[in-house]
Amino acid sequence: MQVENGSVEALGSRIVENVSRVLVGKEAEIELCVIALLSRGHLLIEDVPGVGKTMLAKSLARSLGCSFERLQFTPDLLPSDVTGVNIYSPSTQQFEFRQGPTFTQVLLADEINRATPKTQSALLEAMEERQVTVDGTTYALTLPFLVLATQNPVEFAGTFPLPEAQVDRFLMRVNVGYLDIAHEVQVLDRFQRDSPMEQLEPIVSAADVLGAQKMVQEIYVDDQLKEYIARVTHRTRSHADIGLGASSRGSLGLFRTAQARAALEGRDFVTPDDVKAANAELRGLTPVKVLNQILESEPVPPPNVVSRYGRRVAS
């Protein structure tokens, strides 16, 4: 399927529907993952054990038809285990670079907080610049590149807190949460014999994803909305209940997220509601409740914004 004008909405719906075949009752959380993908961001999936964090990441990766690697983070994992290492070859009498799991399009960093901060930091360059540097040589990664990291927030034995530089590179923090009774019954029915994961097929290609990402970048954002996003971000830096506010990278992330939301709703322009709908934690730094308070208290641009065609449209 080649992505054409207006088809980002259809592409997103297909991904959500496909992943929902495995992950029951979590359409909103899956949509957040799709928004992060279209925004060229990375995801930190955080929740208690057994709610489907890894399954969400694997289902999304399998739906995309991109190359996929899973790396289990452990305390003894080394940075070279993540990025790769130069190994001497007796046959050629030269050092040869052996690629690590980072050289993929979708990387599942499972239980990322179980590795040391030094090993976690091995992903910093890849997540921001889509490249890896080993022994002075830089290697470009294949696009699209998406890191899906999971962590358990209630078990601290044998874990290490993510460095702020690492957290800042995640566009969103997604909490999966428990199911209600009706959806729990659906899980029992659906997984009674075999896991639906075994039958899950790719429904979009890497080229489709790249095309959709480029289309999202073209979504029009009025100057008043750009200023609104900047004001919201600035408020997080001076709020008494926030120890560390959102960075400029966070501001750009909110901007891109609003564009992706508009595209998924079939629009080629952003409204104030697209900005306010960003319910996930901004870059994993700002608590949801505080961010919502800021959004509610900060003056919103006029009820009408200008679309790319110059007409006034209701927000």
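The values are calculated or read from the model by the stated rules, or taken from the named source; none is laboratory data. Computed from a prediction, not measured in an experiment: that's the story for all the values here. In this analysis, Cβ positions are derived from the backbone assuming ideal geometry, glycine residues included, and neighbour counts consider all displayed protein chains.
Going by what's in this entry, would Met172 be described as more than 18 Å from Val24 (Cα to Cα), surrounded by 14 or more Cβ atoms within 10 Å (Cβ to Cβ), of a type in the set (A, V, I, L, M, F, W, C) and in contact with a His (Cβ under 9 Å, 6 or more places away or on another chain)?
Yes, satisfied.
When the residues of segment 6-29 are filtered to those that are outside any helix (DSSP H, G or I) and either without any contact (Cβ under 8 Å) to a residue 12 or more places away in the chain or of a type outside the set (A, V, I, L, M) (or both), which remaining residue is farthest from Arg256 (Cα to Cα)?
Arg21
Do you know which of the residues in segment 121-161 that are without any contact (Cβ under 8 Å) to a residue 12 or more places away in the chain and part of a loop (DSSP other than H, G, I, E, B) is farthest from Ala206 (Cα to Cα)?
Applying the filter and picking the extreme gives Ala157.
Kindly evaluate Val106 against the criterion of being touching a helix residue (DSSP H, G or I) at 6+ places or on another chain (Cβ under 8 Å), aliphatic (A, V, I, L, M) and farther than 19 Å from Gly41 by Cα.
Considered against the rule, which asks whether it is touching a helix residue (DSSP H, G or I) at 6+ places or on another chain (Cβ under 8 Å), aliphatic (A, V, I, L, M) and farther than 19 Å from Gly41 by Cα, Val106 comes out as no.
From Leu32, Leu64, which residue is over 20 Å from Thr104 (Cα atoms) and either aliphatic (A, V, I, L, M) or touching a residue at least 24 places away in the same chain (Cβ under 8 Å) (or both)?
Leu32
I'd like the full set of residues that are at pLDDT 90 or above, among the charged types (D, E, K, R) and within 24 Å of the chain's Cα centre (by Cα), limited to segment 54-95.
Glu69, Arg70, Asp81, listed by residue number.
Out of everything in segment 245-267 that is charged (D, E, K, R) and in a helix (DSSP H, G or I), what residue ends up being surrounded by the most Cβ atoms within 10 Å (Cβ to Cβ)?
Filtering segment 245-267 for residues that are charged (D, E, K, R) and in a helix (DSSP H, G or I), the one surrounded by the most Cβ atoms within 10 Å (Cβ to Cβ) comes out as Arg261.
Consider only pairs whose beta carbons are under 8 Å apart and that are at least six residues apart or on different chains; among these, list those whose first residue lies in segment 197-217 and is on the phi > 0 side of the Ramachandran plot and whose second residue is not in a helix (DSSP H, G or I).
Short answer, once both residue conditions are applied: none.
Among the residues of segment 228-272, what is the count of those that are more than 23 Å from Glu9 (Cβ to Cβ) and at pLDDT 90 or above?
So the answer is 0.
Okay, residues lined up against (1) crowded, with 19+ Cβ neighbours inside 10 Å; (2) modelled with pLDDT of 85 or more:
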{"position": "Val185", "(1), (2)": "no, yes"}
{"position": "Arg190", "(1), (2)": "no, no"}
{"position": "Arg193", "(1), (2)": "no, no"}
{"position": "Ile203", "(1), (2)": "no, yes"}
{"position": "Asp208", "(1), (2)": "yes, yes"}
{"position": "Gln213", "(1), (2)": "yes, yes"}
{"position": "Val216", "(1), (2)": "yes, yes"}
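Give, as residue ranges, the strands (runs of 3 or more DSSP E) completely inside segment 43-111 that count at least 1 residues that are of a type in the set (Ser, Thr, Tyr), surrounded by fewer than 14 Cβ atoms within 10 Å (Cβ to Cβ) and in contact with an Asp or Glu (Cβ under 8 Å, 6 or more places away or on another chain).
Result: 84-89.
Taking the criterion of being at pLDDT 90 or above, over 30 Å from Ala258 (Cβ atoms) and surrounded by 13 or more Cβ atoms within 10 Å (Cβ to Cβ), would at least one residue in segment 142-165 satisfy it?
no
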